[in-house]
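None of the figures in this text is laboratory data; all of them are computed from the coordinates on show. This is a predicted model, so every value here is computed, not measured. In this analysis, Cβ positions are derived from the backbone assuming ideal geometry, glycine residues included, and neighbour counts consider all displayed protein chains.
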Amino acid sequence: MSGGTALYLRGRNQPIAQAAASTPPAAAPAVVPASAPVPANAGPNSPFGQRSIGSPNAPVTAYEYFSLTCTHCAEFATVTMPQVKPKLVDTGKLQIIYHDFPLDQVALMAAQVARYLPPDEYYPFIEALFAAQNDWAFQPNENYRTSLFKYAALAGMDQATFDAALADDKLRAFILKGQQQAEALDHIEATPTFIINGRMYPGAMPYDDFAAAVAKAAG
């Protein structure tokens, strides 16, 4: 694991100061999002499968690198996504593929729990976590586990599945490997960061800026 990722995961539940990301120069080659290798026997419904919303045939694909304890990610989820989903995703113009980039241990655990839900429950669950971030992400001691399970239970997860998600070392390694590759190969430094048809856009963009990036990618 790179030094940057190790630093992100050192804290238990404190938000990490995010590095200032910069947009690549115009002459920079297109960014090709990296992914951790998926186990050979992992099907699309497994915790290792792709998590996305929107049609795979959409003309534009956006890759979002995010952390569930990132306040800027929560801002994008609660302010921008309520317009992005009905106007761009549900209309077939955009597919969003999610990449975990946990900034601390609590975000990593939440990512593991989210991936143990059925794929069609993934997006509603992470949106619920973002909307209630202050209620579960920054709790003292071990209270964050209790708070996180409360939202997992609302999504239909039982205690045994919740415990299994947190104990899944292979999934944990898969998430961290993906984060390491995002840092090393795609130079992801902060969350949220978007790669839209090969161009990098850092930060919680307002809807108009995000829609303009999608329109530019669509040509």
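When N counts the residues of the range 123-219, how does its alpha-carbon radius of gyration compare numerically with 2.2 N^0.38 Å, as a ratio?
1.36
Points 7 angstrom from Cα along the Cβ direction at D135 and A153: gap in nanometres?
1.3
With a point put 7 Å past each Cα toward its Cβ, work out how far E121 is from A184 in nm, to one decimal.
3.4
Mind listing which GluC sites (Glu not before Pro) in the range 117-170 are in a DSSP loop and have 10 or fewer other Cβ atoms within 10 Å?
Here the GluC sites (Glu not before Pro) that fit, given the DSSP loop and packing criteria, are E142.
Gain in length, D163 to A215, computed as 0.36 nm per residue apart minus the alpha-carbon separation, to one decimal in nm?
Result for the pair: 14.5 nm of gain on full extension.
Taking the highest mean first, how do the peptides 91-100, 48-57 order by number of other beta carbon atoms within 10 angstrom per residue?
The peptides rank, most packed first, as 91-100, 48-57.
For the pairs K87/K170; K85/K177; K150/K170; K93/K170, flag any whose C-alpha to C-alpha distance is greater than 32 Å.
Going by Cα-Cα distance, K87/K170; K93/K170 fall outside the 32 Å limit.
Modelled label-to-label distance, N143 and Y207, 7 Å Cα→beta-carbon offset: nm?
3.5
Whole number please: convex hull volume per residue of the Cα set in the range 170-219, in Å³?
86
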